[in-house]
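The values are calculated or read from the model by the stated rules, or taken from the named source; none is laboratory data. In this text the structure is predicted, and so the values were computed from the model without any measurement. Cβ: placed from backbone, ideal geometry, glycine included. Neighbour counts: every protein chain shown.
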Amino acid sequence: MTHSYLIAGFGGQGLLFAGKFLVYKGMLEGKEVSWLPSYGPAMRGGTANCSVIVSDEPVGSPIVDHPDVLMVMNLPSLDKYEDAVVPGGTIFVDSTLIERKVKRTDVNVYYVPATKLAAESGMTTLANMILTGKIMQALGEYDQAHVDDALHHVVSAKHPEMFDFNQKALALGRDYQE
Amino acid sequence: MKGNEAIAEAAIQAGCRHYFGYPITPQTEVAAYMAKRMPKIGGCFLQAESEIAAINMVYGVASAGKRVMTSSSSPGISLKGEGISYMAGANLPALVVNVQRGGPGLGGIQPSQSDYNQATRGGAHGDFHLLVLAPASVQEMADLTMLGFDLADKYRMTAMILADGTMGQMMEPVEIHPREIPECDKSWALTGTKMQRERNIINSLSMDPYDLERMNLERYERYAAVERDEVRYESYRMDDAEICVVAFGIAARVAKNAINEARKQGVKVGLIRPITLWPFPKAPLKAAAETCKSFITVELNMGQMVDDVRLATECKRPIITCNRTGGVIPSAAEVYNAIMNAQKGGQAE
């Protein structure tokens, strides 16, 4: 079993962080993993993305050209990567930020108003993790012990309060029903 | 851990306590990691005023017989060329890391392998080589850094890690363990005579041509030993291969995906991945030229390593090139198409 994730949106939305969380979770579950960010003059407001691979097999190329899981948090990213998703793959859309629907009919789609949910629960910066929670639930990979374990690795020890917020955001995404 | 950070931590575990550098994308995490760690372990991190200053500081510490490194990306390595040549002339061991980006000139900042020729031909004036190691995973970023220090000491020459922006920026699991540093005679080092011995001289200037020739001949005797004993490569699905893909670093990772896809279609294709770019794995390629009907080279440049493949295979078999340049990475689909093209007996477009 291999999952190739492409996580894309604006810089500052925590896309690289969400990818890092998924890659740590995979590693702690004993999978082969890789994480590759876009890098360069991208900054808050610019476009950013990361490729994440979690697999039972050794990872070949860390570059994800054709994801089976696409998470998008802005319209340009959906426009750019919608056609790249493999048939039968899944697209997770932040429907607060992206008004249009996915055109493809051969993929699964989840619309989650993550940015709105985050704002309503006082966690404005954690829409990324709400979507990530939905991804894990939809893929049947939401295992609380591994989730917590991975969060301990990616949340800075200087901000222990962020652990609880991230945990809550993930659960919010997991429990969201359209 | 990011590839760049793995290099830095591995260097520390290999006993390197001196780092001199100047920031440049996409390798800056090496310097950032060193800046954090070195003061805590009694080492020296120094952000020099320029690349040229940094490489000359490396020359200084290497002269004292200590493990030392610098890192940069393509344009910065060109600036360091003069110092690298001086270190070769003075027979100084050190580690230089090049996390390549697109060129020429200031080029871009995306991943590239376009410094292959520069690295494998010494990279500056004079008769010399660097021992060039090309990692293809974050684990190898660490392992080859440690190996680089060992081999540099053993052969009294500069070793280079030739990585690219992808290798530097990506994260993978990595294990870096403290290890024993092999014993190495450094009686040549400038450690102070304490009035107990004759003075040592470290210098790259020799006005007597016969003397300079003798020194160059001696250096090339060491190079011959490196070529004999230190060739490293990975052979992947080559047992029954009729098509041989040759690629290093990130290009080899992409090629593996394409090879596995082509294998599903029944195409007998494998990969030879040079790990040492100098010394180049000539023997396995020569052997492959006996059993394979064609070769494919995959590079993030206009085709540089392909010349070494031609030499190693003595131009016995057709070679299809699959290259992207300027910071673009060939896709697995492009490599797959090249494989299918080779299967049909076609030539490169």
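Which ones in the stretch B:134-153 are assigned to a helix (DSSP H, G or I) and either within 14 Å of chain A (Cβ to nearest Cβ) or charged (D, E, K, R) (or both)?
We begin by selecting, within the stretch B:134-153, every residue assigned to a helix (DSSP H, G or I); these are B:138-153.
If the condition is that a residue be assigned to a helix (DSSP H, G or I) and either within 14 Å of chain A (Cβ to nearest Cβ) or charged (D, E, K, R) (or both), then B:VAL138, B:GLN139, B:GLU140, B:MET141, B:ASP143, B:ASP150, B:ASP153 are the ones that fit.
Would you confirm whether or not the stretch B:154-167 contains a residue that is touching a residue at least 12 places away in the same chain (Cβ under 8 Å), within 20 Å of B:ALA88 (Cα to Cα), over 12 Å from the mean Cα position of the chain (by Cα) and not in a loop (DSSP other than H, G, I, E, B)? Spell out how you get there, then give the answer.
Taking the stretch B:154-167 as the starting set, the residues that turn out to be touching a residue at least 12 places away in the same chain (Cβ under 8 Å) are B:154-167.
Add one more test, that the residue is within 20 Å of B:ALA88 (Cα to Cα), and what stays is B:154-162.
Subset that is over 12 Å from the mean Cα position of the chain (by Cα): B:154-157.
Next, only the ones that are not in a loop (DSSP other than H, G, I, E, B) stay: B:154-155.
Yes - at least one qualifying residue is present in the stretch B:154-167.
Restricting the search to the stretch A:13-38, which residues are surrounded by 21 or more Cβ atoms within 10 Å (Cβ to Cβ), more than 11 Å from chain B (Cβ to nearest Cβ) and under 16 Å from A:TYR142 (Cα atoms)?
Matches in the stretch A:13-38: A:ALA18, A:PHE21, A:LEU22, A:LYS25.
Kindly indicate the residue of the stretch A:50-77 that is hydroxyl-bearing (Ser, Thr, Tyr) and within 12 Å of another protein chain (Cβ to nearest Cβ) and also surrounded by the fewest Cβ atoms within 10 Å (Cβ to Cβ) among those meeting that condition. Show your work before the answer.
First, the residues of the stretch A:50-77 that are hydroxyl-bearing (Ser, Thr, Tyr): A:51, A:55, A:61, A:77.
After this cut, where a residue has to be within 12 Å of another protein chain (Cβ to nearest Cβ) as well, the list is A:51, A:55, A:61.
On the way: A:SER51: 22, A:SER55: 16, A:SER61: 26.
It comes out as A:SER55.
Here is a list: A:ILE7, A:ILE98. Which entry is closer than 20 Å to A:MET123 by Cβ, modelled with pLDDT of 95 or more and within 14 Å of another protein chain (Cβ to nearest Cβ)?
Numbers: A:ILE98 fails: within 14 Å of another protein chain (Cβ to nearest Cβ).
Result: A:ILE7 is the single residue among A:ILE7, A:ILE98 that is closer than 20 Å to A:MET123 by Cβ, modelled with pLDDT of 95 or more and within 14 Å of another protein chain (Cβ to nearest Cβ).
Which pairs have Cβ atoms under 6 Å, sit 6 or more apart or on different chains, and link a residue in the stretch B:193-217 that is closer than 17 Å to B:MET157 by Cα and touching a residue at least 60 places away in the same chain (Cβ under 8 Å) to one that is surrounded by 10 or more Cβ atoms within 10 Å (Cβ to Cβ) and among the charged types (D, E, K, R)?
Hits for this filter: B:ASN216/B:ASP127.
The rows are residues; the columns are (1) closer than 24 Å to B:TYR223 by Cα; (2) touching a residue at least 60 places away in the same chain (Cβ under 8 Å); (3) part of a strand (DSSP E or B).
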site: B:PRO23; (1), (2), (3): no, no, no
site: B:MET34; (1), (2), (3): no, no, no
site: B:ILE55; (1), (2), (3): yes, no, no
site: B:SER71; (1), (2), (3): yes, yes, yes
site: B:MET87; (1), (2), (3): yes, yes, no
site: B:ASN98; (1), (2), (3): yes, yes, yes
site: B:VAL132; (1), (2), (3): yes, yes, yes
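Could you list, in sequence order, all residues of the stretch B:1-29 that are β-branched (Val, Ile, Thr) and within 14 Å of chain A (Cβ to nearest Cβ)?
Correct list: B:ILE24, B:THR25, B:THR28.
If I ask for residues that are more than 19 Å from B:GLN139 (Cβ to Cβ) and touching a Cys at 6+ places or on another chain (Cβ under 7 Å), which ones from the stretch A:2-36 would you list?
Within the stretch A:2-36, A:ILE7, A:LEU15, A:LEU16, A:GLY19 qualify.
Looking at B:THR325, B:THR297, which one is surrounded by fewer than 21 Cβ atoms within 10 Å (Cβ to Cβ) and touching a Gly at 6+ places or on another chain (Cβ under 8 Å)?
None of the other options fit; the residue is B:THR325.
Right, A:VAL155: within 27 Å of A:LYS31 (Cβ to Cβ), touching a Ser or Thr at 6+ places or on another chain (Cβ under 9 Å) and free of Cβ contacts under 8 Å to residues at least 40 places away in the same chain or not?
no
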